[in-house]
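Asks: What follows is a single structure, and I will ask about it in a moment.
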Amino acid sequence: MKKIIAPSLFSANLAFLYRDIEMLNQSEADWFHIDIMDTSFVPNISFGFLFTKYVRKYSNKPMDVHLMVLQPERYIEELKYCGTDHLHIHYEACIHLNKTIYSIKKNGMKVGVAVNPHTPIFLLQDIINDIDFVLLMSVNPGYSGQKFIHKTYQKLEDTKNLILKKDSSALIEVDGGINLKNYSLLFKNGADILVAGTTIFSNSNPKEIIHRMKLEN
Ligand code: DX5
Ligand code: ZN
């Protein structure tokens, strides 16, 4: 278990984006999580290429990009050019998932496959050895500040079992509704990476929240 914290910039104060990037640079956060939405796969719109490039320019940690768009294969090269280190695409948004995974790898990025709360984990059995991360959505994607879906604990268990069975080296990332009450149990139950937005950025001392989440439990 790695215990990586990836704050989601979707909850940052965009009027003070540079300040929030600097805060994360100086914090114990491991990665920057960037949520890209297209209004079709999810009912919201967020950041694009320019934003991603700007974050890359000022951040000093790996950029973990979560692509919530249909046909994500259209954006792989552009996102590499913007400085993406890890690119997550949604299982539900890809017709040719295998081809898309290899295209991301060919472009020199680590690859994650994200699954919505309704998607069963056994559907990943034929690609689990080809990917670096499984991104378990613990809310329905599209918005920050939502309630954590409790069934995620079962999904975590299913993912761990699949990884063990297939002898895969994929890490498990959980995204959505992470707070100070559930982060510890998620790490204990096998999550390697936690993405948190509201819990970190709505606090008056975000660095302290990140510090607490990084502490051994
Ligand atoms: C949801 C995004 C999440 C979101 C997390 O669609 O993928 O990364 O920003 O925000 P919180 O932690 O507020 O649920
Ligand atoms: Zn996300």
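The values are calculated or read from the model by the stated rules, or taken from the named source; none is laboratory data. In this text the structure is predicted, and so the values were computed from the model without any measurement. We place every Cβ from the backbone using ideal geometry, glycine too, and count neighbours over all the protein chains shown. With ligands, DNA and RNA removed, areas are computed over all heavy atoms of the protein, side chains included. Shrake-Rupley method; radii C 1.70, N 1.55, O 1.52, S 1.80 Å.
Asks: Quick test for you: out of Phe51, Phe47, Phe10, pick the one residue that is open to solvent by less than 80 Å² (accessible area, probe 1.4 Å), assigned to a loop (DSSP other than H, G, I, E, B) and either modelled with pLDDT of 95 or more or of a type outside the set (S, T, N, Q) (or both).
Replies: After applying the criteria, what remains is Phe47.
Asks: Another question, then. Take segment 185-217 and flag every residue that is within 18 Å of Gly145 (Cβ to Cβ), outside any helix (DSSP H, G or I) and in contact (Cβ under 8 Å) with a residue 24 or more places away in the chain.
Replies: Those that are within 18 Å of Gly145 (Cβ to Cβ), outside any helix (DSSP H, G or I) and in contact (Cβ under 8 Å) with a residue 24 or more places away in the chain: Leu194, Val195, Ala196, Gly197, Ser202.
Yes or no, residue by residue, for (1) farther than 16 Å from Val69 by Cβ; (2) free of Cβ contacts under 8 Å to residues at least 12 places away in the same chain:
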position: Leu9; (1), (2): yes, no
position: Ala12; (1), (2): yes, no
position: Phe16; (1), (2): yes, yes
position: Asn25; (1), (2): yes, no
position: Asp30; (1), (2): yes, no
position: Met37; (1), (2): no, no
position: Phe41; (1), (2): no, no
position: Ile45; (1), (2): no, yes
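Asks: Could you tell me whether segment 140-148 includes any residue that is surrounded by 21 or more Cβ atoms within 10 Å (Cβ to Cβ), without any contact (Cβ under 8 Å) to a residue 60 or more places away in the chain and either under 17 Å from the mean Cα position of the chain (by Cα) or within 13 Å of ligand 2 (Cβ to nearest atom) (or both)?
Replies: no
Asks: Which numbered condition trips up Ser46, out of (1) more than 14 Å from the chain's Cα centre (by Cα); (2) within 16 Å of ligand 1 (Cβ to nearest atom); (3) under 19 Å from Thr119 (Cβ atoms)?
Replies: Every listed condition holds for Ser46 apart from (3).
Asks: What single numbered condition from (1) assigned to a helix (DSSP H, G or I); (2) farther than 24 Å from Val65 by Cα; (3) not small (Gly, Ala, Ser) fails to hold for Lys181?
Replies: (1)
Asks: Right, next: How about segment 137-178: which of its residues are assigned to a loop (DSSP other than H, G, I, E, B) and closer than 24 Å to Lys110 by Cα?
Replies: Passing the criteria: Ser138, Val139, Asn140, Pro141, Gly142, Asp167, Ser168, Ser169, Ala170, Gly176, Ile178.
Asks: Going through segment 110-136 one residue at a time, which ones are within 14 Å of ligand 1 (Cβ to nearest atom) and in a loop (DSSP other than H, G, I, E, B)?
Replies: Asn116, Pro117
Asks: Answer yes or no: is there a residue in segment 92-100 that is farther than 30 Å from Glu78 by Cα, within 15 Å of ligand 1 (Cβ to nearest atom), out of contact with any Ser or Thr (no Cβ under 7 Å at 6 or more places or on another chain) and modelled with pLDDT of 95 or more.
Replies: Pass one, segment 92-100, residues farther than 30 Å from Glu78 by Cα: none.
There is no residue in segment 92-100 that is farther than 30 Å from Glu78 by Cα, within 15 Å of ligand 1 (Cβ to nearest atom), out of contact with any Ser or Thr (no Cβ under 7 Å at 6 or more places or on another chain) and modelled with pLDDT of 95 or more.
Asks: Let me confirm something: among Asp64, Asp38, Asp85, which residue is surrounded by 13 or more Cβ atoms within 10 Å (Cβ to Cβ) and farther than 20 Å from Gln146 by Cβ?
Replies: Answer to the check: Asp85.
Asks: Let me ask something additional. Does segment 197-214 contain at least one residue that is open to solvent by less than 10 Å² (accessible area, probe 1.4 Å), in contact with a strand residue (DSSP E or B) (Cβ under 9 Å, 6 or more places away or on another chain), more than 19 Å from Ile36 (Cβ to Cβ) and more than 12 Å from ligand 1 (Cβ to nearest atom)?
Replies: Looking for residues that are open to solvent by less than 10 Å² (accessible area, probe 1.4 Å), in contact with a strand residue (DSSP E or B) (Cβ under 9 Å, 6 or more places away or on another chain), more than 19 Å from Ile36 (Cβ to Cβ) and more than 12 Å from ligand 1 (Cβ to nearest atom), one finds at least one in segment 197-214, hence yes.
Asks: With the requirement that a residue be open to solvent by less than 20 Å² (accessible area, probe 1.4 Å) and over 23 Å from Cys82 (Cα atoms), what does segment 107-139 give you?
Replies: The answer is Val115, Asn116, Thr119, Ile121, Leu124, Ile127, Ile128, Leu136, Met137, Ser138, Val139.
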